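Everything below concerns the one structure shown next.
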Amino acid sequence: MNLLFALLSTVVASFIWLYLFRILNIFHPAKWLHVMFFFCLGALSTLPLFGLFQLVDFSDFISDPYLDMFLSSALIEEISKMLLLVAGMALIPKLKTDKVNWLLFGACIGLGFGAVENIGYALKYGNWVLHYREILSLTGHALFTGIGAYGIVRILDKKSNQALPWLFAGAFLHGLYNSPSVLVDEGHITDLAGITITFLVYLICVEVFALLFNNLLNHSIHFQEEKGIPMQAIRRSTLTLLVLMQILFLMEYLADGKQNTVGAFLIVSSPLLFIMQVLVARLTALVLVKEKTLDIGLSIPFTLGSPDFSIPGAPKLGLRMRGLPYDESEFLRFMHKTLQVYPLSKRASYFGGRAEVEMLEKVYAKSQILFYKVKFWESEEEVDTARHYYLIPKFAGSNMVGNFRIAALLYRDEAIDSATEDFGTGAFCCWVKIPLEKRRPWWKEFFRLLYARP
């Protein structure tokens, strides 16, 4: 086993995931010093556990393998991480004022714990286990601890009756995630069924964490309406780094003379790449509306088929990620600024000529569509008496007109049903175009986000 490679790959993977979780708090990115402090606390939380496991064999007292796994792995590990999170927050009290930090730094502690655990597994079984553990297990610990940390947030909100279920939820999901390994060892299910269950539990954790993080961001003391998550920039930079990490693993396979296992490596990489894309896509598709609380439920981060609402440009078939289906940061740069209405054709245009709109505010409909209230005028004389319309970003397609992109749809004010806040099918007026931003190379996006400050 190449210990140097195990250390290098773990450091690289941990850094990528720390980079992602840190930038998700778009309103007030954490200092890297604080991020690394909690990461190191997570690494330290493994030391008493390793000592405990050396001294005590829980199977001597617990005959049931499932209960043994839950107590000796999931519950004790989550308690250890949670205690270090509380201790870390106590040492830096100013971080407690923004409750989103509990989930953020809980995830950092989970990453630190998972990093040390991964090196331990590599020492025991070989570097091949790192190929999937740097994706699933590393981020899994971050998700479990972040979900459990929401229980502390409930205590701070003086809703202690909701705290215990959430404090226990992280450990429960951790145990559920580990349970397929016991089921396979006991001969109750096949390896394929075990892998499927593991992936399903992981996806549920992604969705629950995303919703909790979303709600805390919406209630953040640093909330700013004009700021949105730069979805495309984060996805390009993070996924590129993760793909490069997979290439690093492939090179290690080849260097160790494992050419005969490259086929298996590529087969395993396919679902891992899918998991990476889902995690990054869902965590960057948060719906940011001040003081809006989204319903929490057990579901996976995506749906299949068409949305439940009828809007031109919406995808009709295929996989659709939950959350916001477009890069909101593209539109928020025009908040309280003017955009040009552009009729694609006489038939598609309600006005037939050039007009302008000014973005005023975000509106989150009961039908779970995020749109923007705008002021509309066709000439300078109408600015003071401008009418209100509603702008909805396109979900799909990329229609270019010169140096502009057709990016949104405009609806008349009377199009909205006051009871459902939904849109009638005949309410479409025309298209709105926005100036194209020059796309930066992924590495420039990476460094811009890496050094993002509050």
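All of the numbers you see were taken from the coordinates with simple rules; none came from a lab. No experiment lies behind these values; they were computed from the predicted model shown. Here Cβ is always computed from backbone atoms with ideal geometry, including for glycine, and neighbour counts include all displayed protein chains.
Ranking His174, Ile189, Leu216 by how far each Cα lies toward the positive end of the dipole of segment 152-291 (charges on Cβ) leaves Leu216 at the top. Between Glu361 and Ile296, the distance separating the two model label sites (each 7 Å from Cα on the Cα→Cβ line) works out to 2.8 nm. Each 10 Å bin from zero holds the following percent of Cα-Cα pairs in segment 3-304: 6, 27, 37, 23, 7, 1. Between Cys40 and Val129, full extension at 0.36 nm per residue minus the direct alpha carbon distance yields a gain of 29.8 nm.
What pairs from Lys96/Lys438; Lys31/Lys159; Lys159/Lys375; Lys159/Lys337 go past 32 Å between their alpha carbons? With Cα atoms farther than 32 Å apart: Lys96/Lys438; Lys159/Lys375; Lys159/Lys337. Couplings for segment 444-454, taken from phi via the Karplus curve 6.51 cos²θ - 1.76 cosθ + 1.60 with θ = phi - 60°, read 6, 4, 4, 5, 5, 6, 4, 9, 4, 10, x Hz in order; Gly and Pro are left as x.
Inter-label distance, Leu83 to Lys444: 5.0 nm, where each label sits 7 Å from its Cα along the C-beta direction.
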